[in-house]
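Peer 1: This is the structure I have questions about; it appears just below.
The values are calculated or read from the model by the stated rules, or taken from the named source; none is laboratory data. The structure displayed is predicted, hence computed values, not measured ones. As a convention, Cβ positions derive from the backbone with ideal geometry for all residues, glycine included, and neighbour counts pool all protein chains shown. To get the accessible areas, we keep the full protein, side chains included, count just its heavy atoms, and leave off ligands, DNA and RNA. Shrake-Rupley method; radii C 1.70, N 1.55, O 1.52, S 1.80 Å.
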Amino acid sequence: MAQLVPYDDRDGQIWLNGEFVEWRDAKVHVLTHGLHYGSSVFEGERCYAGRIFKSAEHSQRLIDSGRILGFEVPYTVAELDAAKAATVARMGFKDCYVRPLAWRGSEQMGVSASQSRINVAIAVWEWGAYYSDLRLTRAIYDRPAPNTAPVHAKAAGLYMICTVCKHAAEAKGFGDALMLDYRGYLAETTGANLFLVVDGQIHTPTPDCFLNGITRRTVIDLARRRGITVTERHIKPEELRDAQEVFVTGTAAEITAVRQIDELNYQHGPITGQLIDDYHGLTRGHAKAA
Ligand code: PMP
């Protein structure tokens, strides 16, 4: 296995509460509410040719996620956008991943922490393809019901079950886990939304208990512009047998063809290929046009 370079031991700078600090000095105390109680929200974004794709939408989602958890991110969308752009520029990257994070600090311990400071950090790094030759297996946990968790926030706490599911899938030799929802319908992977191509039409689960990804919405738009019918509905796992193509979408994953789901195999088909080309054009074209 290749030597891992820990994320806390790298060169560069990180934006922390309004100023740049040396990468290795961007630290929190062990008694931090976000660490103990999961009071933390984050974003994942990609910068293409020097421009962050849909930056304002991500900044708005960070603010919205904080509000769902009951706190106010202390920056506006414009301030977050400027800070992200400044961090990318400071690191000198053209193509990179952007990770804003907001969390409750160390002022209070215990479940209640309404007086704690809200901290914000932005780190960027070079990150290649998230998935390669993607093969999925049924997850060991389901997505929780919307009345049991803040399912529409991109909240760190929701990823606890994702990490457990992904580790279980990897232990079986798969790339990721395919999570069902609390009703037994198809939901998503641990970090990307799911699409099926059935007889030339696209079907995708209704995002009523998981993140309605920014990439998901972009891809639905691109498909409709190509004249492809897209239906958002509840989809049963048995329907995977009817699909000719399956793909997932996410900022990190972009559009990735799924090659296998347990005993089912899929081709990297023409509709997935077309959408990958269109998404590539949009993300890079967007960079050129702006
Ligand atoms: N679902 C989950 C659980 C995710 O982590 C992500 C990645 N943020 C997505 C879906 C896709 O969201 P987006 O397209 O906005 O990156």
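Peer 1: Provide the FRET efficiency to the nearest 0.05 for the Thr229-Gln260 pair, computing r from the beta carbons and using R0 = 30 Å. Can you show the working numbers first?
Peer 2: Numbers: r = 26 Å, r/R0 = 0.86.
So the FRET efficiency works out to roughly 0.70.
Peer 1: Right, here's the next one. Can you tell me the relative contact order of the stretch 134-289? Whole percent, Cα pairs under 8 Å, sequence separation 6 or more.
Peer 2: Working: 284 pairs, mean separation 36.6, N = 156.
Relative contact order, the stretch 134-289: 23 percent.
Peer 1: Lysine pairs in the chain with alpha-carbon atoms under 17 Å apart, 8 or more places apart or on different chains: how many are there? Please report the intermediate quantities before stating the final value.
Peer 2: Details: Lys54/Lys84; Lys54/Lys94; Lys54/Lys154; Lys54/Lys288; Lys84/Lys94; Lys94/Lys288.
Final tally of qualifying lysine pairs is 6.
Peer 1: Sort Met109, Met179, Met160, Met91 by heavy-atom solvent-accessible area, probe 1.4 angstrom, most to least. Intermediate results must be reported in sequence, preceding the final value.
Peer 2: Working: Met109 80, Met179 0, Met160 130, Met91 40 Å².
Reading off the accessible areas and sorting them downward yields Met160, Met109, Met91, Met179.
Peer 1: Choose one answer from Gln244, Gln13, Gln115: the residue with the largest mean-square fluctuation in a GNM of the chain with alpha-carbon springs under 10 Å.
Peer 2: Looking only at Gln244, Gln13, Gln115, the largest GNM fluctuation is found for Gln115.
Peer 1: Moving on to the next point. For Arg67 paired with Met160, estimate the spin-label separation in nm (one decimal), with each label point 7 Å from Cα along the Cα-to-Cβ line.
Peer 2: 2.6 nm
Peer 1: While we're looking at this one, here's another question. GluC sites (Glu not before Pro) within the stretch 55-128: which are DSSP loop residues with at most 11 other Cβ atoms inside 10 Å? Present the calculation step by step, with values, prior to reporting the outcome.
Peer 2: On the way: sites: Glu57, Glu72, Glu79, Glu107, Glu126; in loops: Glu72, Glu107, Glu126.
Loop-located and lightly packed - Glu72, Glu126.
Peer 1: Continuing with this model, one more query. For the stretch 143-168 and the stretch 230-253, what is the separation of their Cα centres, given in Å?
Peer 2: Cα centres, the stretch 143-168 to the stretch 230-253: 19 Å.
Peer 1: For the chain, find the longest principal axis of its Cα atoms and tell me its angle to the long axis of helix 214-225, 0 to 90°, nearest 10.
Peer 2: It works out to around 40 degrees.
Peer 1: Enumerate by residue number the GluC sites (Glu not before Pro) in the stretch 237-269 meeting two conditions: DSSP loop (anything except H, G, I, E, B), and at most 12 other Cβ atoms within 10 Å of the site's Cβ. Spell out each step's value before the answer.
Peer 2: On the way: sites: Glu238, Glu239, Glu245, Glu254, Glu263; in loops: Glu263.
Hits after loop and neighbour filter: Glu263.
Peer 1: Which residue, Arg224, Arg104, Arg46, tops the fluctuation ranking in a GNM of the chain built on C-alpha contacts under 10 Å?
Peer 2: Taking springs between Cα atoms under 10 Å, the residue moving most is Arg224.
Peer 1: Next question. Calculate for the chain the 222 nm mean residue ellipticity that helices alone would give, adding -39,500 (n - 2.57) per DSSP H run of length 4 or more and normalising by residue count, nearest 500 deg cm²/dmol. Intermediate values should be presented prior to the final figure.
Peer 2: Details: 6 runs with 79 residues, N = 290.
Helices in the chain give a 222 nm mean residue ellipticity of -8500 deg cm²/dmol.
Peer 1: For Cα pairs less than 8 Å apart in space and 6+ apart in sequence, what is the mean separation divided by the residue count of the chain, i.e. the relative contact order in percent? Let's see the in-between values first.
Peer 2: On the way: 564 pairs, mean separation 49.2, N = 290.
Relative CO of the chain lands at 17 percent.
Peer 1: With a 1.4 Å probe and every protein chain left in place, tell me how much accessible area Lys27 has, in Å² to the nearest 10.
Peer 2: About 150 Å², rounded to the nearest 10.
Peer 1: A further question follows. Could you rank Thr283, Thr206, Thr163 by how accessible they are, 1.4 Å probe, largest area first?
Peer 2: So, going from the largest accessible area down, we get Thr163, Thr206, Thr283.
Peer 1: Treating the chain as a set of equal point scatterers at the Cα positions, no solvent, please give the Debye-formula log₁₀ I(q)/I(0) at q = 0.10 Å⁻¹.
Peer 2: Scattering profile of the chain, log10 relative to I(0): -0.56.
Peer 1: Return the sequence-ordered ³J(HN,Hα) values of the stretch 273-279 in whole Hz as given by the Karplus equation 6.51 cos²θ - 1.76 cosθ + 1.60 applied to θ = phi - 60°, using x for Gly and Pro.
Peer 2: Using θ = phi - 60°, the values come out as x, 4, 5, 4, 4, 5, 5 Hz.
Peer 1: Out of the stretch 139-194, which chymotrypsin sites (Phe, Trp or Tyr not before Pro) are coil in DSSP terms and have no more than 16 other C-beta atoms within 10 Å?
Peer 2: Tyr141, Tyr182
Peer 1: Here's something else I'd like to know. Can you give the relative contact order of the stretch 13-125 as a percent, counting alpha carbon pairs under 8 Å and 6+ residues apart? Could the numbers behind the result be given before it?
Peer 2: Numbers: 200 pairs, mean separation 40.7, N = 113.
Averaging sequence separation for qualifying contacts and normalising by length gives 36 percent for the stretch 13-125.
Peer 1: Let me ask you something else. What's the extension gain from Asp25 to Gln115 if we count 0.36 nm per residue and subtract their Cα-Cα distance?
Peer 2: Value of the extension gain: 29.9 nm.
Peer 1: Additional query: Using only the Cα atoms of the stretch 54-177, each taken as one equal point scatterer with no solvent, compute I(q) by the Debye sum, divide by I(0), and report log10 of the ratio at q = 0.15 Å⁻¹.
Peer 2: Reported log10 I(q)/I(0), two decimals: -0.92.
Peer 1: What residues qualify as long-range amide H neighbours of Asp95, i.e. H under 5 Å apart, gap of 5 or more or another chain, H built at 1.01 Å from N?
Peer 2: Amide H neighbours of Asp95: Ala49, Gly50.
Peer 1: Roll a 1.4 Å probe over the protein heavy atoms and report the accessible area of His203 in Å², nearest 10.
Peer 2: 30 Å²
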